[in-house]
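Heads up, the thing below is written out as structure tokens.
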Amino acid sequence: MFSGIRALLTLSVLLSSTSLFLTACDTSSPPVSSMAEKSTVRKMAQPFVPGEVLVKFKPSVSQERIDAILKESGTELIAGIKGIGVQHVRIVGKESVESVVKKLSTFQEVEFAEPNFRYRSQ
């Protein structure tokens, strides 16, 4: 009787181990890091509003200097986003969003500049 129970327990342990091993070796789903990269790429591939850029200046920059940089980069202020200190600007010339972002990023007074990306909730 004990040998039958022992055999049943051994078989049960072997089946459980095999199931765990096969689950751990499942390669049908991508690794977590790959999924995160795809998520980031998908987010960055979102379209942006044509002719608009978001720019944040360093806190010590005067309003006069901000106005001069915006004019020099061919943009004009649409609105300031209070609370986060970001300027929502419009490109007044025919330059692309990418080239204006690049130009704004060269100023030492600029913390960051980026296209005005459209994000959709799912």
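Here are the numbers:
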{"item": "Cα pair distances of the stretch 48-117 binned at 5 Å [whole percent]", "result": "3, 19, 35, 28, 12, 3, 0"}
{"item": "Per-residue Cβ neighbour rank within 10 angstrom, fewest leading, K58, K82, K103", "result": "K82, K58, K103"}
{"item": "Computed FRET value (nearest 0.05) for E98 with E76, which takes r as the C-beta separation and R₀ as 30 Å", "result": "0.95"}
{"item": "Under Karplus coefficients 6.51, -1.76 and 1.60, residue-wise ³J(HN,Hα) of the stretch 48-60 in Hz, glycine/proline x", "result": "10, 5, x, x, 10, 9, 10, 9, 10, 9, 5, x, 7"}
{"item": "Ascending count of other beta-carbon atoms within 10 Å, so fewest first, for S60, S99, S121", "result": "S121, S60, S99"}
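The numbers here are math on the coordinates, done by the rules we state, and not lab data. No experiment lies behind these values; they were computed from the predicted model shown. Positions of Cβ are generated from backbone atoms using ideal geometry, with glycine treated the same way; all protein chains shown enter the neighbour counts.
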